[in-house]
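Asker: This structure is in structure tokens; I'll ask about it shortly.
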Amino acid sequence: MNDYLFDTLAIRAGHQQSSFQEHSEALFLTSSFTFKSAEEAAARFSGDEEGYFYSRVANPTVSCFQDRLAALEGAESCVATSSGMSAIMAVILGLLKAGDHVVSSRSIFGTSTILFTNILQKFAIEFDFVELSDLDAWQNAVRPNTRLLFAETPSNPLTELVDIESLADIAHQHDAKLVIDNCFCTPALQKPLTLGADIVVHSATKYLDGQGRCLGGAVVGDKQTVGEEIHSILRTGGVAMSPFNAWVFSKGLETLDLRMKAHCENALALAQWLQTQVAVEKVYYPGLEDHPQYQLAKKQQSGFGGIVSFVVKGGKEAAWKVVNSTRLLSITANLGDVKSTITHPASTTHGRLSQQQRDDAGIDDGLLRISVGLEAIADIQVDLARGLSD
Ligand SMILES: *Cc1c(COP(=O)(O)O)cnc(C)c1O
């Protein structure tokens, strides 16, 4: 199977037909599996014999999604989790212990920061946060007890990047592992493992589903780290993915490449159009030639992604006017959907930060973030133009 190209793997990998020879992937909504005898039950539980026995541990529909995503990321192993957050939690719980240290980018998903600082720090796992693109800062933050480096690239909402290859070198010089949250690009646009990262985490809730239906997550990497050490957190800690959600995500992966190309095309068109609007002060999109890391984005990604952020002149009042003038765009913080969404980060996703923290993170009061969907670009522009005009 792994000789096939991306688009073929997205449609064919992981599908194991049952004895009914169904053409479409079956949905195994079952919590447990039966045994022919006491001997078989014992062999399955002990691991002497391969096979399913309980869906917290493994389920054929979930396996289909896992094997398909592993193929797309170019990995040996994938474990599916109940959400993106439980994927991140499983990585930390599976690989670290009290006294270990993590260096993380400051500009990661807000809930990831809270998981690290408010929850995992209680168990004596230490975290330091650095500027995403500043490789010297990463290097300087590493300590003898550093086990993981954690980053999201491009960042949300300012679309800043880090050079994954260089960051992997820093991690490996210190016997640490590099974890990349690949939610924004998906393997259709960026393959961190081929650039040297050790582990990829996903919120499947976003582009992997692509239509905003289910919560899920995944961890991808080598068999020992992911298939054994991180899987043990799922089977014992219970953060497994539901078979129904896995079925939705497997079908979502079939159109991932097509959708990501279309998201990129719409996002670039929107970013270029926003640059021509007099009410717009600044546009953030890695596909714009004046983006400071345009060359890195071209080298490391095969597309620039679907997230565009921009600052409107006039601060919060002007930004809220744009939000409140929309009739088509959904006012919601979710992203990665075929439906375009609009968010005012300073009062929502970054609302719990102090003004100083927002200033440090570059979250201007006039900043808006659009997850550009697949509606007609002209309709998206009309919807935004209403709030950008006087
Ligand atoms: C949404 C998101 C998460 C968390 O995923 P959930 O599925 O909501 O738990 C993690 N990382 C990034 C980059 C996200 O956008």
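Asker: Which numbered condition trips up Thr30, out of (1) part of a loop (DSSP other than H, G, I, E, B); (2) more than 21 Å from Gly238 (Cβ to Cβ); (3) among the polar types (S, T, N, Q)?
Answerer: Failed condition: (2).
Asker: Among the listed residues Phe109, Phe127, identify the single one that is at negative phi, within 18 Å of the chain's Cα centre (by Cα) and of a type in the set (A, V, I, L, M, F, W, C).
Answerer: Phe109
Asker: Let me ask something else. Answer yes or no: is there a residue in the range 47-61 that is part of a loop (DSSP other than H, G, I, E, B) and either of a type in the set (Phe, Trp, Tyr) or under 20 Å from Lys206 (Cβ atoms) (or both).
Answerer: Yes, there is a match, as at least one residue in the range 47-61 is part of a loop (DSSP other than H, G, I, E, B) and either of a type in the set (Phe, Trp, Tyr) or under 20 Å from Lys206 (Cβ atoms) (or both).
Asker: Looking at the structure I just gave you, is Asp181 surrounded by fewer than 22 Cβ atoms within 10 Å (Cβ to Cβ), at pLDDT 95 or above and assigned by TED's automatic domain parsing to the domain that holds Val103?
Answerer: Considered against the rule, which asks whether it is surrounded by fewer than 22 Cβ atoms within 10 Å (Cβ to Cβ), at pLDDT 95 or above and assigned by TED's automatic domain parsing to the domain that holds Val103, Asp181 comes out as no.
Asker: Which residues, taken from the range 118-148, are closer than 20 Å to Gly362 by Cβ, within 16 Å of the ligand (Cβ to nearest atom) and not in a strand (DSSP E or B)?
Answerer: The answer is Leu132, and nothing else.
Asker: What is the residue count in the range 87-111 for residues that are outside any strand (DSSP E or B), at pLDDT 95 or above and either more than 7 Å from the ligand (Cβ to nearest atom) or of a type in the set (Lys, Arg) (or both)? Step through it out loud before you land on a result.
Answerer: Restricting attention to the range 87-111, the residues satisfying the condition of being outside any strand (DSSP E or B) are 87-100, 106-111.
Narrowing the set further to residues that are at pLDDT 95 or above leaves 87-100.
The next check asks that each one be either more than 7 Å from the ligand (Cβ to nearest atom) or of a type in the set (Lys, Arg) (or both); those that pass are 87, 89-100.
Total satisfying the criteria: 13.
Asker: Given the criteria among the aliphatic types (A, V, I, L, M), within 14 Å of the ligand (Cβ to nearest atom), over 24 Å from Arg68 (Cβ atoms) and not assigned by TED's automatic domain parsing to the domain that holds Leu288, does Ala151 qualify?
Answerer: It is true that Ala151 is among the aliphatic types (A, V, I, L, M), within 14 Å of the ligand (Cβ to nearest atom), over 24 Å from Arg68 (Cβ atoms) and not assigned by TED's automatic domain parsing to the domain that holds Leu288.
The values are calculated or read from the model by the stated rules, or taken from the named source; none is laboratory data. Quantities reported herein were computed from a predicted structural model and do not represent experimental measurements. Quick reminder, even Gly has a Cβ in these numbers, built from the backbone with ideal geometry, and neighbours come from all protein chains shown.
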